[in-house]
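A quick write-up on the structure given underneath.
The values are calculated or read from the model by the stated rules, or taken from the named source; none is laboratory data. Everything quoted here is computed from the prediction, not taken from an experiment. As a convention, Cβ positions derive from the backbone with ideal geometry for all residues, glycine included, and neighbour counts pool all protein chains shown.
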Amino acid sequence: MFTRPSLPRGTIGGMRANSSRRAVLAAVAAAPVMAAGVSAAPAPAEAASERPLVIAHRGASHYAPENTMAAFDLAMDLRSDLVETDVQRTKDGVLVLVHDTDLKRTTNIEQRYPGRRSYAVKDTTWAEIKTLDAGSWKAAKYRGERIPTLSSLVRRVKERRSGLLLELKSPSLYPGIEQQIDRIFRASGFVSYGRATGKVQVQSFDFTSMKRYHAIDPWMPVGLLGRPYRWELDDLTWADQVNPNYLASDATYVRDLHAQGFVSYTWTVNDEIGMNMVLDRGHDGIITNRPDLAHSVLLTRG
Ligand code: G3P
Ligand code: CA
């Protein structure tokens, strides 16, 4: 039976979740992944000082095709603290990493299987999906990139001692997906011990799904995508993060979130001006297609 030490709500490893938030973020991100057989190379976050996290949106997707192993590997090469990706489920129950609920934009499915009534992920089998080219739409050099499974990314992130921010995309289409994800994480020993942050975290626009996940594993940091009203926050304290679009956030809102003990990442910020703006607001992480730029902005700010 899987057990983790119990700490009072609002604490991470004995520290108050809302005291010196950035120190806590860095400290917990630096905590070892519960992994057997990982290499001894230092994790990117282990080198991190007290600073907001750099989170690679769909991998380093400015440079490589989103949600492919090429984009994830590049994100880790670029020292992202967490790799953000989107999980959905095939017709035959395999968890795969793809953003859209259908496969037309980022793969060659229409050429490969012409005339189908549906190109939805949920209507396509893994045997079919694994043959699709998920790279050519971005650039010819990425031809042959595949849609990865969640299990394959968990293995890779563990090997590289990096971290994962997993978005449950349209989970209402996939009943029981929270339990299924939890089984994969536990089977691979890829678990978080912190309530507010950790080596693996989940988020969704679907708050009900996140509440279900929290019930399944109260130790998994769960994030709410969007910008709940201030008056709604009191009922959402079971969640660990509130992660708004950067166009919808402001310094007062971030201050209110922190006062309530939430961590807040913001998305999707791909230019220097935007990055400085969200850092000034006090966000705890930048979700970006360009993790290299985020590091350079952080470096410039000192
Ligand atoms: O991580 C936040 C962001 O990924 C949410 O939007 O559409 O890119 O999944 P989307
Ligand atoms: Ca996403």
Legend entry - Odd one out for R51 among (1) of a type in the set (K, R); (2) away from ligand 2 (no atom under 16 Å from the Cβ); (3) under 18 Å from Y142 (Cβ atoms): (3)
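From the list L173, L165, exactly one residue is within 16 Å of ligand 1 (Cβ to nearest atom), farther than 20 Å from L53 by Cα and either of a type outside the set (S, T, Y) or crowded, with 19+ Cβ neighbours inside 10 Å (or both). Which is it?
Working: L165 fails: farther than 20 Å from L53 by Cα.
On inspection, the qualifying residue turns out to be L173.
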Legend entry - Among (1) more than 16 Å from ligand 2 (Cβ to nearest atom); (2) modelled with pLDDT of 95 or more; (3) part of a loop (DSSP other than H, G, I, E, B) - the single one V154 does not satisfy: (3)
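Conditions tested, residue by residue: (1) modelled with pLDDT of 95 or more; (2) more than 16 Å from ligand 2 (Cβ to nearest atom).
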| residue | (1), (2) |
| --- | --- |
| W219 | no, yes |
| Y229 | yes, yes |
| Y265 | yes, no |
| I273 | yes, yes |
| V278 | yes, yes |
Legend entry - Options L247, L224: the member that is within 18 Å of the chain's Cα centre (by Cα) and not basic (K, R): L224
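Being at pLDDT 95 or above, buried (at least 24 other Cβ atoms within 10 Å of the Cβ) and either β-branched (V, I, T) or more than 16 Å from ligand 1 (Cβ to nearest atom) (or both) narrows it down to one residue among T101, T107; which is it? Steps first, answer last, please.
Values: T101 fails: buried (at least 24 other Cβ atoms within 10 Å of the Cβ).
When all the criteria are applied, what remains is T107.
Matching residues to (1) away from ligand 2 (no atom under 13 Å from the Cβ); (2) among the hydroxyl-bearing types (S, T, Y); (3) outside any loop (DSSP other than H, G, I, E, B):
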| site | (1), (2), (3) |
| --- | --- |
| M76 | yes, no, yes |
| R79 | yes, no, no |
| E84 | no, no, yes |
| K91 | yes, no, no |
| V96 | yes, no, yes |
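When region 226-266 is examined, which residues are found to be in contact with a Pro (Cβ under 8 Å, 6 or more places away or on another chain) and either under 22 Å from V87 (Cα atoms) or among the hydrophobic types (A, V, I, L, M, F, W, C) (or both)? First the steps, then the outcome.
From region 226-266, those in contact with a Pro (Cβ under 8 Å, 6 or more places away or on another chain) are 226-227, 236, 240-242, 253, 263-264, 266; that's our starting set.
Correct list: G226, R227, L236, D240, Q241, V242, V263, S264, T266.
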